[in-house]
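The values are calculated or read from the model by the stated rules, or taken from the named source; none is laboratory data. Predicted, not measured: the structure shown is a model, and the values here were computed from it. Methodologically, a virtual Cβ is constructed for each residue, glycine included, from the backbone with ideal geometry; neighbour enumeration extends over all protein chains shown.
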Amino acid sequence: MVKTPKSKRFRKVFKKVPGNKVKVHLCRTKPARAKCAECGIILHGVPRARSYKMRNTAKTKKRPQRPNGGVLCSACSRKKIIAKARQ
């Protein structure tokens, strides 16, 4: 029998099992939210999922459909595009 470690890395999930009982399952915690590379604000439209779940999700679900989507926030990417157009 493999014992799961009771550390802060795992979170408690209460699952209902047959026989009308509630058991505690230990699941991995979610990774930190994605942040903008320039201003550090939290990015919207980028899911908080572990790498093994992100592998199976579609590319369009992983980040927004714009240039620098998933790396820069919309305000920073807008500034970058305008600056590039002025050159």
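Criterion first (small (Gly, Ala, Ser), more than 26 Å from residue 80 (Cβ to Cβ) and surrounded by 13 or more Cβ atoms within 10 Å (Cβ to Cβ)) does residue 34 satisfy it? Spell out how you get there, then give the answer.
Numbers: small (Gly, Ala, Ser): yes; more than 26 Å from residue 80 (Cβ to Cβ): no; surrounded by 13 or more Cβ atoms within 10 Å (Cβ to Cβ): yes.
No; evaluated as a whole, the condition is false for this residue.
Does the stretch 1-54 hold any residues that are of a type in the set (Val, Ile, Thr), within 30 Å of residue 78 (Cα to Cα) and under 13 Å from the mean Cα position of the chain (by Cα), and which are they? Reasoning before the result, please.
Let us first name the residues in the stretch 1-54 that are of a type in the set (Val, Ile, Thr), namely 2, 4, 13, 17, 22, 24, 29, 41-42, 46.
Still in the running and within 30 Å of residue 78 (Cα to Cα): 41-42, 46.
Of everything in the stretch 1-54, those that are of a type in the set (Val, Ile, Thr), within 30 Å of residue 78 (Cα to Cα) and under 13 Å from the mean Cα position of the chain (by Cα) turn out to be 42, 46.
Filtering the stretch 55-74 to residues that are more than 9 Å from the chain's Cα centre (by Cα) and in a helix (DSSP H, G or I) leaves 59, 60, 61, 74. Is it the case that residue 48 is at pLDDT below 95 and assigned to a loop (DSSP other than H, G, I, E, B)? When the stated conditions are applied, residue 48 passes them.
Hey, could you check the stretch 42-66 for residues that are in contact (Cβ under 8 Å) with a residue 24 or more places away in the chain and among the hydrophobic types (A, V, I, L, M, F, W, C) and say which is nearest to residue 80 (Cα to Cα)? Among those residues, the one meeting the criterion is 43. Among residues of the stretch 47-64 being surrounded by fewer than 10 Cβ atoms within 10 Å (Cβ to Cβ) and not charged (D, E, K, R), the one that is nearest to residue 33 (Cα to Cα) is 51.
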